[in-house]
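Structure, as structure tokens:
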Amino acid sequence: MMPIDTEPGTGGQPLPAEHKEPPSSRVPAEIVMKLWRGDAGGGEFVEYRLPAEEGEVVLDVVHRIQAHDAPDLAVRWNCKAGKCGSCSAEINGRPRLMCMTRMSTLPPGEPITISPMRGFPIMRDLVTDVSYNFEVAKQIPALRPGPKPPEGYRMAQIDIDRGQEFRKCIECFLCQNVCHVIRDHEEHKAHYAGPRFFVRLAELEMHPLDTLDRRAYIRERMGIGLCNITKCCTEVCPEDIHITDNAIIPLKERVVDAAFDPIAWLGRKIRRRPSPMSASEVAALGAAARSEASGGG
Amino acid sequence: MSVLQDTSTLPDPIPVHIGGVRGGPPRSEVLRPDRWWVQPLVVVLGLLGFVVYATWAAFRNAHYYTAGMPRDYLSPFYSPCIVSSCPTKVVWGPAGNIGAVSPALLILIFPLGFRLTCYYYRKAYYRSFWASPPACAVADAGSTKPGGLRASYTGETRFPLILQNVHRYFWYVAVIFAGLLTWDAVLSFRFPGGVGMGLGSLIFVVNAVLIWAYTLGCHACRHVCGGGVKLFSKAPVRYRFWRSVVTPLNSHHQLFAWSSLIWIAWTDLYVFLVASGTIHDPRFF
């Protein structure tokens with residue numbers, strides 16, 4: 001029987017060819033890892049040296065450091081399989097999951113820097129406070145299907161295929177962290193959804209049962225105009241969701257339909273189609289749905 | 001973090017607030033050890049190179065048609081012929097006589113607008129020329145200096161960048177231009193005595209193919225042709241076009257953006273070289 005290359009923690013699923021383990025000669029005898037140690041008051045990189053082991057991912061090495069050299073090191077992790085999105089950090093300055101970054105893919109013999117996500121407030125060491133994302137999530141008006149027909153809701157397969165990609169999101173928030181609107185322009189955080197939630201909004205807007213028209217809301221409250229589609233969110237997504245091409249740009253084009261296209265406006269008038277829902281109307285409906293769901297009446 | 005807690009005794013969840021103190025290394029410090037600046041540099045050189053060439057070609061106002069030769073090649077920079085003095089056999093009026101002004105200056109406004117507002121080129125020049133950001137996880141230029149010239153950022157919400165939303169209108173015009181360049185490719189097979197084919201014909205055909213691949217792979221096209229539909233099951237023809245034609249082309253939009261840009265300049269250069277008598281166009285049959 002042929003041996004099968006597998007990713008650590010993937011339950012033995014075969015690896016794509018490009019992810020197969022490179023020759024072991026790439027792994028040097030010693031690893032030099034610089035971890036950011038500190039909190040809101042400040043911090044610095046602390047260097048750790050330890051022997052290399054075959055087949056490790058970055059999180060394995062961080063755990064070895066935690067076990068032997070730095071038992072007080074704060075690091076968030078859970079599944080070690082790229083599915084929980086907990087171990088997001090910046091490895092050599094690039095946002096990545098520590099559990100999905102093989103040591104053999106990093107430059108051999110060079111120090112490896114691990115720092116916390118710079119888009120969010122720090123708690124300690126490699127752990128950041130990502131609650132900003134949950135605040136934004138609360139602002140997303142939920143699915144609002146129409147009245148249930150007697151035979152129940154039915155959806156055609158081709159109508160739900162498009163949204164499947166968006167449901168792969170593991171909420172690691174690497175896309176939020178790398179988005180320069182969040183990362184470099186703190187002043188926009190309060191009124192900017194960010195890539196992860198544009199994915200959520202696209203999923204809802206493309207849902208065959210949904211009846212809400214969120215286009216004005218997406219422009220006025222979710223700040224889609226701030227995105228300048230530089231695609232870093234797509235580059236860092238560990239689930240390979242084509243965030244920019246399949247979520248953000250389609251949303252931008254829908255917003256153009258509602259707000260910037262006179263031909264689309266004329267078409268609505270001639271065909272007596274309803275005008276786009278206002279942002280405040282959508283916000284009110286969303287708040288009412290949240291209240292209802294939480295039992296508040 | 002790994003200690004399990006009995007949550008039954010904890011009080012109600014404390015509301016979370018946006019805020020807190022950023023930690024980690026300063027944003028101004030680039031930790032990426034790779035040569036992240038190479039890609040924006042290549043884009044700057046590539047786009048500037050095209051701008052320089054296109055400016056020269058647009059102001060040249062000569063040798064854009066193989067006049068007096070048994071060839072029917074018209075430079076794509078000067079297509080369609082809109083001036084009464086146009087030497088081609090097909091003149092698209094009614095611009096008439098515009099004096100010494102090069103017709104390319106009027107024509108190129110539309111392809112230029114299409115490419116300037118294109119989602120791929122926006123990404124390319126926002127990164128390369130605006131440095132906003134220059135590369136992923138590298139801070140926006142000027143953003144790390146509070147109160148500096150570029151400390152504030154408005155994205156595409158204000159004039160002039162809000163005009164990027166007219167992209168679909170440039171796409172409508174781009175479809176017409178793609179049709180015109182296809183017609184030019186057909187005419188390039190017109191030789192004295194009937195149909196023939198020269199090296200120029202081949203260049204024109206490749207040019208038309210690349211222009212169509214770029215135009216039909218456009219994100220606005222993807223939306224207009226099917227992506228904007230809520231229920232694909234109610235629009236099966238649009239769905240098939242969206243899935244089988246536009247989406248596959250769209251996934252290679254960057255490739256076609258560059259290849260069509262380079263090839264259109266090459267097509268113009270070839271016509272110039274043949275029309276000016278610098279080189280001879282070989283005929284295959």
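Considering A:Leu251, A:Leu285, A:Leu226, which residue is touching a Leu at 6+ places or on another chain (Cβ under 9 Å), surrounded by fewer than 22 Cβ atoms within 10 Å (Cβ to Cβ) and either of a type in the set (A, V, I, L, M, F, W, C) or within 30 Å of A:Leu97 (Cα to Cα) (or both)?
Criteria check complete, one pass: A:Leu285.
Out of the residues in segment A:126-155 that are out of contact with any Asp or Glu (no Cβ under 8 Å at 6 or more places or on another chain) and of a type in the set (D, E, K, R), which is surrounded by the most Cβ atoms within 10 Å (Cβ to Cβ)?
Going through the qualifying residues, I end up with A:Asp129.
Can you tell me which residues in segment B:243-280 are within 30 Å of A:Asp159 (Cα to Cα) and polar (S, T, N, Q)?
Correct list: B:Ser244, B:Thr247, B:Asn250, B:Ser251, B:Gln254.
Test each condition in (1) free of Cβ contacts under 8 Å to residues at least 40 places away in the same chain; (2) more than 9 Å from chain B (Cβ to nearest Cβ); (3) in a loop (DSSP other than H, G, I, E, B) for A:Pro107 and report the one that comes out false.
Unmet condition: (2).
Considering only segment A:89-104, how many residues are more than 8 Å from chain B (Cβ to nearest Cβ) and either without any contact (Cβ under 8 Å) to a residue 60 or more places away in the chain or among the acidic types (Asp, Glu) (or both)?
Residues that pass the stated criteria total 4.
Any idea how many residues of segment A:156-178 are surrounded by fewer than 17 Cβ atoms within 10 Å (Cβ to Cβ) and part of a loop (DSSP other than H, G, I, E, B)?
So the count comes out to 1.
I'd like to check something: does segment B:244-265 contain any residue that is closer than 30 Å to A:Thr211 by Cα, buried (at least 21 other Cβ atoms within 10 Å of the Cβ) and modelled with pLDDT of 95 or more?
Yes: one or more hits.
Give the residues of segment A:67-77 that are under 26 Å from A:Cys179 (Cβ atoms) and either more than 9 Å from chain B (Cβ to nearest Cβ) or out of contact with any Cys (no Cβ under 9 Å at 6 or more places or on another chain) (or both), sorted by residue number.
A:Ala74
For segment A:198-208, which residues satisfy the criterion of being more than 10 Å from chain B (Cβ to nearest Cβ) and surrounded by fewer than 23 Cβ atoms within 10 Å (Cβ to Cβ)?
Hits for segment A:198-208 are A:Arg200, A:Glu203, A:Leu204.
For segment B:162-205, give me each residue that is among the hydroxyl-bearing types (Ser, Thr, Tyr) and under 16 Å from the mean Cα position of the chain (by Cα).
Those that are among the hydroxyl-bearing types (Ser, Thr, Tyr) and under 16 Å from the mean Cα position of the chain (by Cα): B:Tyr169, B:Tyr172.
Does at least one position in segment B:110-122 carry a residue that is closer than 21 Å to A:Val255 by Cβ, among the small types (Gly, Ala, Ser) and at pLDDT 95 or above?
Yes, there is a match, as at least one residue in segment B:110-122 is closer than 21 Å to A:Val255 by Cβ, among the small types (Gly, Ala, Ser) and at pLDDT 95 or above.
If you go through segment A:229-248 one residue at a time, how many are crowded, with 24+ Cβ neighbours inside 10 Å and out of contact with any helix residue (DSSP H, G or I) (no Cβ under 7 Å at 6 or more places or on another chain)?
Of the residues in that region, 0 qualify.
I need a count of the residues in segment A:154-172 that are among the aromatic types (Phe, Trp, Tyr) and within 12 Å of chain B (Cβ to nearest Cβ).
Residues meeting the conditions: 0.
Working only within segment A:121-164, note down all residues that are at positive phi and either in contact with a His (Cβ under 6 Å, 6 or more places away or on another chain) or in contact (Cβ under 8 Å) with a residue 12 or more places away in the chain (or both).
If the condition is that a residue be at positive phi and either in contact with a His (Cβ under 6 Å, 6 or more places away or on another chain) or in contact (Cβ under 8 Å) with a residue 12 or more places away in the chain (or both), then A:Asp125 is the only one that fits.
Which ones in segment A:58-85 are among the hydrophobic types (A, V, I, L, M, F, W, C) and in contact with a Gly (Cβ under 9 Å, 6 or more places away or on another chain)?
Scanning segment A:58-85 gives A:Cys79, A:Ala81.
The values are calculated or read from the model by the stated rules, or taken from the named source; none is laboratory data. Here the structure is a predicted model, which is why all the values come from computation and not from measurement. We place every Cβ from the backbone using ideal geometry, glycine too, and count neighbours over all the protein chains shown.
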